[in-house]
Amino acid sequence: MSAPGPQTALISHFKVLLNSFSRVYFLGKPWVGAIFLLLSLANPHLAISGLLAVVAGYGFAYLMGMGKEFLESGVYTYNTLLVGLGVGSIYRLTPLSVLILLMAGLLTLAITLALSRVFYAYLALPILSLPFVVVIGAVSLASGKYSNLYVSSLYPAANLLPNPDWPAWATGYFKCLAAIFFLPHPYVGLGIALVLLAASPILFGLSLTGYFTGSLISGLMTGSFQQSFLNLNHFNFILIGMALGGVFLVPSRVSLVVSLVGVSCSVLLVDAVQVFWSAYGLPVLTLPFNLVALTFVYALGALKFPQISRRILGSPEESLDFHRSVALRFDPCPIGINLPFSGAWTVWQGFEGPWTHQGNWRHAYDFILADGKGQSFTGPGKRLEDYLAYKKPVLSPIAGQVVKTVDNLPDQEIGQTDSRNNWGNLVVIRSNFGYHVEISHLAKESLKVKEGDWVERGSLLGLCGNSGYSPQPHIHLQVQAGPDPGSATLDFRLTSYLSGQTYFTLGQPGKDEVLTPLSQAGPEPFVLDQEIELECFHQGTPKGTRNLVVRMDPEGTLYFDSTTGKLYFGRVHDGHCHYSLQGQDKLLSSLFLALPRLPLGGCNDYVYEERLPLNLLYPGWLRRWLLLGSALFDLPQSPRGVYRYKRGVLTGKISGPLGREFNTEIHLDSVVGFTKFQVGDWTFERKQHEKT
Amino acid sequence: MKEPYQKPSVRKLAQGSHNKYGSGNYYGRKVRTEIDGQTIAGLVERFGSPLFVYSERQIKEKLKELKTALTVRYPKVELAWSYKTNYLQAICALMHQGGSLAEVVSQMEYDKALGLGLKGKEIIFNGPYKPMDALETAFAQGAIVNLDHQDELSDCEQVATQLGRKLKVGLRLNLDAGIYPQWSRFGFNLESGQAWEAAKRIKAKGLLEVNGLHCHIGTYIMEPEAYGTATRKLLEFAAKLEAELGYKLDYLDLGGGFPSLSRLKGAVLPPEVSLPNLESYAETITSTMYRYLKPQSLPTLYLETGRALIDEAGYLITTLHASKRLLDGRKAYIADAGINLLYSAFWYRYNIEIEKEVTGVNEPSVIYGPLCMNIDVVDEGVLLPSLSRGTRLVLSPVGAYNQTQSMQFIGYRPNVVLVRENGTVDVIREKETLSDMESRECLPPDLKLH
Ligand SMILES: Cc1ncc(COP(=O)(O)O)c(C=O)c1O
């Protein structure tokens, strides 16, 4: 590995262009775009029209100073491309057609920008190719009046390639696949199919299931399969199948079913729109696809369907990989609070506990202190003082304002309980995020805060006691919507703790687990614009020096930029976490493997297990087939790393499908993050005096 | 879990002097037949006499007791094992495995800690004598250094200049915590303004930065409130440091000094009764800290507890070699262990237990060591029945300060063993031989006899 030179601006602009081509088939891969571009040269007028429109749209956006990520993704320019291709499929290149092309291209960009804001803000939906439908509709309607254009530019879509003699179903499928590009030719379709197969077996499969499901149903209805395979509008089935089965939903068996249901329903629309729109001389285009995909995604979102993709990446495989590792690594529960104590306490009763944590009060914890044998008292256990938890400090689990306190109820002797004032002495704190935390059964007159006080995480609230309905001294903790003691509880998680020896960033521990909160974290070791210089070694031989720079994406997420890849990271509940790797980079994937997460609060000895994204371990093609298998059969499991931290060194044992196994080691430093790390045969050493 | 059935048994009275007959009774016996399942006879048979015996179980239990007492009250606590208390490798290693850092007061102790695999930043370097090269190493390796005096402060500034960066240092303070005698010879005095002067000087020079305060008010402190006072005074000083000089405290180090269950000479009550437990020390310290600190910026609390962690886990088995009658009529025994092995005999009266039941009436007895020196007295008056030659006694607690301060004097030092939790016994220091003792000697050739 050697340090790659800085990419020229030209290359990155070119990538945008290629990405627009690949986005037409839901892929974000420049090489796929390049091949599609080549394929579109089957009709040079069309290819050049498409290119012109994208260049115009992109150039305009670039001159307007729009953000890099925004432009690079290709999502915003692919509508422009489609419009360009659409215009090119009707008109040959002449000055007049170029003019209309530019008008249409810029209009598309404007509509895309405007609509995408509205759609995102109000419906949390992407706009797909709606702008294209609108603009091409407009062009078709308007050009009826442009007789000048008509005369000079209209051309019969010349068939440059010979037609093969394939069975109707094959010709139909390939033609439809290519029709998405306005090049309804079987050979072009074959080319596209091969690219899809290589780039994303899942998309390829979905294009097949989508097309044939839709066409067969349509054939059944009309009574002629021959006619059905001849209908070019059936490319909508392909798009719907792919969008639902692999793009907006994370690929899985359930998503496949959804996509087939979507395709089946869309048969109605495809045929209806055809009748209706052709009355006005409008092509059907992608309207059915847009309607069905958007409606389904919105409806499933409203139902909180778990397979909705949280982040749409370069391909369904990438989304699946990301979703799998993210879903397994990050609990989406929005409320996470610290433990309300210091030291190692035991869960006496957890969520849905059998005694009192039921119904409206099911989201609650009771904690006691116990000795190594699980006993909560010394001596006979008849007096309050015998109990280890009694009069131990209770600390605030959140930052917020104290809104309710009770401090004067007596601590009940062992064997007695006060069911009239069942919550006993208590504190209710309103979080800055709106929810409330109630802590109960505190010792009489032990409160150190009063109503109206602002507290920090870790502020001393009072001492553990036995007031109220409490059989033995313990801390009761619950999260609730309102400030009144004993309000109905909300679901929540505990953050930044060890259970036994195992570290949890966020967790929901069960009964009898012994929990130790980590002390509050210091600052993040990696800050924006920081440059990290690393010397690389492979099996001990130097392989040059590489630089990482910490940057921030438009959503505010930090990442390490190595110029060939991006490693996203952030702070999750007092822990440093690597989220995902985009691009290919040994250095970044090694860093992720060596350090998937790191608690920033002080702790000298812990273990944890991590599910890791496949893209850290497997090359593209292999990963794609592994992921297809995993989507259909829930196999193989994602790779897993078992990590152990001891006195400054985190060592990991990684094992993944196909017998991949190796060790990692990273030397951590509280000031600079890490000093060196090793993954398999590779070692990376931090250079000493670097800029910060 | 159901406990396995055990046959009921009647044990003879084996309490100390504190039983229902009161002290000084004629038939009270202290008997210890085993240490963690290893019989006294068996141990001596395998490893000889005298024999130091440590209990891994007790070491771990005590460490956990102290650590728990502190951590359930305060979230940022680190113990630092005070090497001088006992720096046998196995003992230090047990402490480190249990999560303790090292507290050292000399280059030798520093080297020992490194040798056991600790990193610089896991070592707290204290003491009045830190030679220049020791300071250089410590700072280069990131150790926590607590300054003892003005000259050392200048030395550190020199090191900072050499290393070309600002160094973080702690100040050792001495203060009046109501303890007599006040250990005023170590560190900078608080009340007289010496400490404040030192801090101002550090600020003025700008080569160092104060990030910690240290204070060791003494050893065998029987009054928890003294720690409350020390904590309060240190935190008031810290507040002043922050307000006026902008120094923020990373740690507060309260030194050692908690008592072990050992009986000082002249103490009337047995230690179990007279001494506060570790919980009360933890309570006083941490509740004082909460009163003065904000949760966002809690300093780490370091404790350098030595004696209280190791003393009770150490036993010395000694064999009675002979008995005689003294002129005043008292019975005297000559044991095979004396003050060469028991430095703490100068202050402590050990708990003396017989290896087995012995009949007969108690009488006041003296136990002498084997040295041919008048001061070699292990106990001047203990009530024992008449014991035959070869009887073994178990002395405790002897885990603190005896190993490190034992003298190579007159005889060989004995084996030291560790009774492991898994039921085995490991030798952790072999008994001395003549060649050990002479290995560093050089006899000029012309002085050789032939
Ligand atoms: C600086 C310092 N820390 C810790 C200790 C350990 O003290 P103790 O054994 O009383 O706990 C001592 C003992 O003299 C000491 O001087």
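The values are calculated or read from the model by the stated rules, or taken from the named source; none is laboratory data. If you're wondering where the values come from, they're calculated on a predicted model, not measured in any experiment. Cβ coordinates were reconstructed from backbone atoms using ideal geometry, including for glycine residues, and neighbour counts include every protein chain displayed. With ligands, DNA and RNA removed, areas are computed over all heavy atoms of the protein, side chains included. Shrake-Rupley method; radii C 1.70, N 1.55, O 1.52, S 1.80 Å.
Of note:
- Accessible area of the range A:164-309 belonging to carbon and sulfur atoms, whole % at 1.4 Å probe: 74
- In percent, rounded to a whole number, the relative contact order of chain B is 20, using alpha-carbon pairs under 8 Å and six or more apart.
- Förster-model FRET efficiency, 25 Å R0, A:Val118 and A:Lys304, C-beta, rounded to 0.05: 0.65
- Kirkwood hydrodynamic radius of the range A:432-471, Cα pairs, Å: 11.6
- Modelled FRET efficiency - R0 30 Å, A:Cys333 with A:Trp31, Cβ distances, 0.05 increments: 0.15
- For the chain pair A and B, the buried solvent-accessible surface (1.4 Å probe, both sides summed) amounts to about 1400 Å².
- Applying the Karplus relation 6.51 cos²θ - 1.76 cosθ + 1.60 with θ = phi - 60° to the range A:243-251 yields 3J(HN,Hα) values of 5, 6, x, x, 9, 7, 10, 6, x Hz, where x marks Gly and Pro.
- Protein-protein interface of the range A:382-428, residues with accessible area decrease of at least 10 Å², isolated chain reference, 1.4 Å probe: A:Lys391, A:Lys392, A:Pro393, A:Leu395
- Amide N of the range A:516-559 lying under 13 Å from the label point, which is placed 7 angstrom from the Cα of A:Val326 along Cα→Cβ: A:555, A:557
- Shape category assigned to the range A:164-309 from the gyration tensor of Cα positions, a/c cut at 1.5: oblate
- The candidates B:Tyr251, A:Tyr390, arranged from most to least accessible area with a 1.4 Å probe in the full protein assembly, appear as A:Tyr390, B:Tyr251.
- Surface per residue (accessible, 1.4 Å probe) for the range A:323-463, Å²: 44
- Listed pairs A:Lys304/A:Lys404; A:Lys29/A:Lys676; B:Lys130/B:Lys203 exceeding 27 Å between Cα atoms: A:Lys304/A:Lys404; A:Lys29/A:Lys676
- At least 30 Å² of accessible area lost relative to the chain alone, listed for the range B:280-320 with a 1.4 Å probe: B:Tyr290, B:Pro295, B:Gln296
- Shown in residue order for the range A:449-458 are the 3J(HN,Hα) couplings computed by the Karplus curve 6.51 cos²θ - 1.76 cosθ + 1.60 at θ = phi - 60°: 10, 10, 4, x, 5, 9, 10, 9, 4, x Hz (x for Gly and Pro).
- Cβ-placed point charges (K, R +1; D, E -1), dipole of the protein assembly as shown about Cα centre in debye, nearest 20: 1380
- Greater than 20 Å apart at Cα, pairs in A:Lys15/A:Lys586; A:Lys392/A:Lys444; A:Lys391/A:Lys511: A:Lys15/A:Lys586; A:Lys391/A:Lys511
- Geometric descriptor of the range B:246-332, per residue, is 166 Å³ (volume of the convex hull of the Cα atoms).
- Over 20 Å [Cα-Cα, the range B:164-303], rounded percent: 49
- Classified by the C-alpha gyration tensor, the range A:15-144 has an oblate form. Its axis ratio a/c, with a ≥ b ≥ c, is 1.5 or above, and a/b does not exceed b/c.
- Between A:Met552 and A:Arg640, residue separation times 0.36 nm minus the direct Cα-Cα distance comes to 28.9 nm.
- Extreme residue, positive dipole direction of chain B, given options B:Leu135, B:Phe237, B:Thr305 (C-beta unit charges): B:Thr305
- Built amide H within the under 5 Å cut-off of A:Cys464, gap 5+: A:Lys391, A:Lys392, A:Val394, A:Ala443
- The listed residues A:Val437, B:Val358, once ranked by accessible area (1.4 Å probe) with the largest placed first, stand as B:Val358, A:Val437.
- Binning the alpha carbon pair distances of the protein assembly as shown at 20 angstrom intervals from zero yields the distribution 10, 30, 29, 18, 9, 3, 0, 0, expressed in whole percent.
- Global geometry of chain B, whether rounded, prolate or oblate, following the gyration tensor of its Cα atoms and the 1.5 cut on a/c: prolate
- For the range A:588-656, the carbon plus sulfur part of the accessible surface works out to 60%, probe radius 1.4 Å.
- With kT/(6 pi eta Rh) evaluated at 10 °C and eta = 1.306 mPa s, and Rh the Kirkwood radius from Cα pairs, the range A:531-686 diffuses with a coefficient of 98 µm²/s according to Stokes-Einstein.
- Sorted largest first by accessible area at a 1.4 angstrom probe radius, with every protein chain in place, the residues A:Lys444, B:Lys331 fall in the order A:Lys444, B:Lys331.
- A:Asp561 sits with roughly 20 Å² accessible to a 1.4 Å probe, with DNA, RNA and ligands left out of the calculation.
- Rounded to the nearest 10 Å², the accessible area of B:Lys64 at probe 1.4 Å: 120
- Fraction of beta bridges assigned by DSSP in chain B that are antiparallel (%, nearest 5): 45
- Cβ charges +1 (Lys, Arg) and -1 (Asp, Glu), total dipole of the range B:126-305, debye: 300
- Of the whole protein surface, B:Lys62 contributes about 40 Å² of accessible area at a 1.4 Å probe radius.
- Threshold 50 Å² - residues in the range A:328-344 whose accessible area is reduced by that much or more when the chain is no longer isolated, probe 1.4 Å: A:Ser342
- Two-site FRET efficiency, B:Phe346 against B:Ser435, from Cβ-Cβ distance with R₀ of 35 Å, rounded to 0.05: 0.70
- Measuring max minus min along each principal axis, the C-alpha atoms of the range B:177-239 give extents of 40, 22, 17 Å (largest first).
- The value of relative contact order for chain A, using C-alpha pairs under 8 Å at least six residues apart, is 9 percent.
- Note on chain B: with neighbouring protein chains present and a 1.4 Å probe, carbon and sulfur make up 52 percent of its accessible heavy-atom surface.
- For chain B, the per residue solvent-accessible surface stands at 47 Å², with DNA, RNA and ligands left out and a 1.4 Å probe.
- Principal-axis tilt of helix A:95-118 within chain A, Cα atoms, nearest 10 degrees: 20
- Helical mean residue ellipticity (222 nm; -39500 (n - 2.57) per DSSP H run of 4+; nearest 500) of chain A: -11500 deg cm²/dmol
- Amide H contacts of A:Lys511 (H built 1.01 Å from N, under 5 Å, at least 5 apart or other chain): A:Gly350
- Phi angles of the range A:386-392 translate, via the Karplus equation with coefficients 6.51, -1.76, 1.60 and θ = phi - 60°, into HN-Hα couplings of 6, 8, 5, 7, 4, 6, 8 Hz per residue; Gly and Pro are given as x.
- In this structure, the amide hydrogen of A:Gln472, modeled 1.01 Å from its nitrogen in the peptide plane, lies closer than 5 angstrom to no residue at least 5 positions away or on a different chain.
- Size descriptor for the range A:467-530, Kirkwood hydrodynamic radius: 15.0 Å (Cα pairs only, one decimal).
- Mean separation of Cα contacts under 8 Å, 6 or more apart, over the residue count of the range A:164-309: relative contact order %: 21
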